[in-house]
1. Which links in LYS144/LYS182; LYS149/LYS182; LYS115/LYS184; LYS149/LYS184 stretch past 20 Å when you go from one Cα to the other?
2. Kindly write out, for the stretch 139-149 in residue order, the coupling ³J(HN,Hα) from the Karplus curve 6.51 cos²θ - 1.76 cosθ + 1.60 (θ = phi - 60°), rounded to whole Hz, with x marking Gly and Pro.
3. Please rank PHE143, PHE267, PHE381, fewest neighbouring Cβ atoms within 10 Å first, as an exposure proxy.
4. Using the structure shown, list the pairs from LYS308/LYS331; LYS164/LYS236; LYS308/LYS370 with a Cα-Cα distance above 23 Å, or answer none.
5. How far is it, in nm, from the label point at SER352 to the one at ALA244 when both lie 7 Å from their Cα along the line to the Cβ?
6. What distance in nm separates the simple spin-label points at GLU118 and LYS149, each placed 7 Å from Cα in the Cβ direction?
7. Where a ≥ b ≥ c are the square roots of the eigenvalues of the C-alpha gyration tensor, would you call the stretch 223-297 rounded, which needs a/c under 1.5, or, failing that, prolate if a/b is larger than b/c, or oblate?
8. Length gain on complete extension for the stretch SER290 to ASP208, per 0.36 nm per residue less the alpha carbon to alpha carbon distance?
Amino acid sequence: MFRAGRYEDAVALFHFFFEQSNIVPNVVSYNFLINTHCDAGRVDVAVDVYRHMLANAPFSRRRLPTATSRRGSWGQSHNGGHGLAQGDAEQGHGADSLVYNNLMAGFIDLGNMDKALELFEELRERCLVYDGVVHATLMEGYFKRGMEKEAMESYQSLLDRQFKMNAVTCNTLLEALLKREKVKEAEALFEHMLSAHNPPSFQAMNTDTYNIMVFHRTGTKPCTMDVGCFNNIISKLCERGLIAGAEKLFEEMPAKSVNPDEATYGFLIDAFFRDDREADALRLFEKMISGGESAPRVNVGSYNKVFKELVKVGRAKGLRPDQVSYSILIKGLCLEGSLDRARYLLEEMLRSGTAASPELQEAVMEAFGKGGRMEEMSRLFAERADGAAPLLLGSKLEVDGAETLHQVVIYHLSLLFFINSHRHGCLPFFQSGRYTSS
């Protein structure tokens, strides 16, 4: 009834439900009744309802509505609104920041900046900590009067207090800054919100935050978070080491009908490698390249990056590829017709003292024979046979004398991903000659 503008019917329903039928009204019920009287121009009645609620409502003061100080209504009843705010404090309820904020906004709209500032000083006297949204209201008042310096001084005074501000407050400040083209300050606030965001213990930002920033950067305000918004927060969380939060957000994307793209996976994969979580990085990479209806198209850069990271991990841990590792990669290159790269890796393998198995030699000779280069390979194997004796066939990777199965698996998986990249039409960084042996 209230939303339809049928104010008398709304009041009648409240009376029927909560007075005649003895149903106990909740805070939402009172809020609608107060809003109804305000919109109907009965400000004094709305004040009486609010005071009745303060005296009789069976719920916490923290849950009382703030609509009792709606700017449009109180603009016509200054003393009533101001008296209500003072009455709250005198009754031991404390000063409600949002009540003061709405009163201040009403006076600013009427051109009475002095009265708004008087209320602000009163709020600061009554509350050591208050909602920073009042500064956004003051800033707007200053900006309207061309007092940019005073507006930014008010904003800075809020920052100096180092209040822990929630998403709603920060979003209001963001909008106030961006409306006046204070881009540098808005970006700094956004970065602070990202740093303070630590769900579930503290929500410093929400969907509206990203909508505000996307609107600022693109001129188009989305109705819901798109993949770009998700990527933005996931990348920032990963940069700050808040990987658990980034993972949670990643998992929420399908439920919001948003499919992760290659960049989304990339942010998390990079973070896993930085956190020494190679197995998780590989798991996510495998999910990305597994295909499927919602899987992103993966380009060569992603394969290159993951392969490089895996090789880096192997070298940092003193790993050397064993015979099986070399064989997998050399055979894959031969199958792809990449004979020069296959020869390069084969030479590296032989120089390291790792023997080429008969099976590998046969595969190499067959591939090079088809390419008209059998004699080349025959000479290579012959020269190796006359040189240093190779390791025994079937030798295994050793790290400081102790085999580490997990490390072996990681290195082998890196080679398998390399081969898989060929199947997806990608040519990793061996092609460009960026791979160098250790």
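1. Distance filter (> 20 Å) returns LYS115/LYS184.
2. These are the phi-based 3J(HN,Hα) values: 4, 4, x, 5, 4, 4, 9, x, 9, 4, 4 Hz.
3. PHE381, PHE143, PHE267
4. LYS308/LYS370
5. About 3.8 nm separates the two model spin labels.
6. Each label point lies 7 Å from its Cα, and together they span 2.6 nm.
7. It comes out oblate by the Cα gyration axes.
8. Using 0.36 nm per residue and subtracting the Cα-Cα distance, I get 26.2 nm.
A short reminder: the numbers here are calculations on the coordinates, not readings from a lab. Predicted model only: the values in this text are computed from it and were never measured. Note that we place each Cβ from the backbone using ideal geometry, even for glycine, and neighbour counts take in every protein chain shown.
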